[in-house]
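Please read the structure below before turning to the comments.
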Amino acid sequence: MRLERFPGNPILGPHPEHPWEDLAVFNPAAWYDTEREEVLLLYRAAESHPDYRCYFGLATSRDGLHFQRVGDQPVLSPSVEGFDGATIQDPRIIKMGDWFYVTYACRHYPFGQFWIPEVRQRYVTPDCPPEFPRYLRTNATLTGLAMTRDFRTWIRAGWLTDPLLDDRDAILFPERIAGKYVLIHRPLEWVGPDYGTQEACAWISSADDLLGLPQAPSRLLIKNKYPWEVYKLGVNTPPIRTPHGWFTLYHAVGRDRHYRLGALLLDLEDPGRVLHRTPDWLMEPEADYELDGYYRGVCFPCGTVVRDGTLFVYYGGGDKYCAVATCSFAALLDHLRACPA
């Protein structure tokens, strides 16, 4: 089973006249507005300035394939002096009630143009006193939570992961389960014998309150298992409820450092229990816009929608472009349900 790329990819690229997105647009979250029959893409946009700040832009589409930007300004920018003051990245969208909840990776200090080795070294250790928390001294990434009804007015609610960890790929479930909010996340430091994994991987936690998630206990969800999963892995897309379980996509980094995609089906009542998992990848970098970019060899989705039985997977290619791939959702679920846990 493979995802099929849209022949018109990439669906969005850098905009040379918008300084906040003149370098790259990628890793889009997605939402299908059933009333308007419109797909919304909340995408990560990067500037060409040496600080490499990232913003969120918004684009819409009637057919899920051809998108138009909603304006010439970002819909959300890094805060002035907050925990996300340098960059906001890789949004994921869920909706509960009238509110959209967006989880996103962020940094306190500018990261810089990471693909240039000498620049990366300059930005790894920010200029701050040694007494500062390790999170600030190492410029680690944590996960923030923003809420909106209309993608124009926002509430920055705080962070959902432990600020003492480098923790991203955080995915909220779109409803409470057994009365609790549930989060999947990927802490880079949780490796070694004490954690039962040799590579950073996906964990799951739950709490009575969203902002209680950073203190909530976590349990291991998945770790490296198959030959294409050599280094770190994490969950990519907000879970979709199906009669057979919660469906989501995940990525793993191979020996060639390429990002490949697999799928999971999690128990509806206990989402920490994996029911099925694809032993082979569904997608790997093959197209030029995936193999040649600021990260060479990456397909990284942050959102999926289902329309008329088709699964649309919206992903970043090469850390530079937005692209989409599709398949029959029923066929993928049948394939997945035939796979072991």
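Numerical summary
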| item | result |
| --- | --- |
| Gyration tensor verdict on region 166-316 (Cα atoms; rounded if a/c is under 1.5, prolate if a/b is larger than b/c, oblate otherwise) | oblate |
| Check: the chain dipole with +1 on Lys, Arg Cβ and -1 on Asp, Glu Cβ, in debye | 520 debye |
| Mean ellipticity per residue at 222 nm, deg cm²/dmol - from DSSP H runs of n ≥ 4 across the chain, formula -39500 (n - 2.57) | -1500 deg cm²/dmol |
| Extension gain from A331 to A157, taking 0.36 nm per residue of separation minus the Cα-Cα distance | 58.8 nm |
| Leading residue at positive end of dipole, the chain (Cβ point charges), from S328, I222, T141 | I222 |
| Value in Å of the Kirkwood radius, where the chain supplies the Cα pairs that are averaged | 20.0 Å |
| Shape metrics for region 54-213, restricted to C-alpha atoms - Rg then Dmax, Å | 17.1, 53 |
| GluC sites (Glu not before Pro) within region 112-201, DSSP loop, no more than 14 other Cβ atoms inside 10 Å | E131, E175, E189 |
| Within region 4-81, GluC sites (Glu not before Pro) in DSSP loop having at most 16 other beta-carbon neighbours inside 10 Å | E17, E35, E37, E81 |
| 17 Å tail of the calculated P(r), region 1-70, as % of Cα pairs | 46 percent |
| Furthest towards positive pole of dipole, F247, L42, F312, structure part the chain, Cβ charges | F247 |
| Sites matching trypsin sites (Lys or Arg not before Pro) across region 111-214 that sit in DSSP coil, with at most 12 neighbouring C-beta atoms within 10 Å | R152, R176 |
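Each reported figure results from applying straightforward, stated rules to the coordinates on display, with no laboratory input. Every value quoted in this text rests on a predicted model; they were computed, and no experiment measured them. Note that each Cβ is placed from the backbone with ideal geometry, even for glycine, and that neighbours are counted across all protein chains shown.
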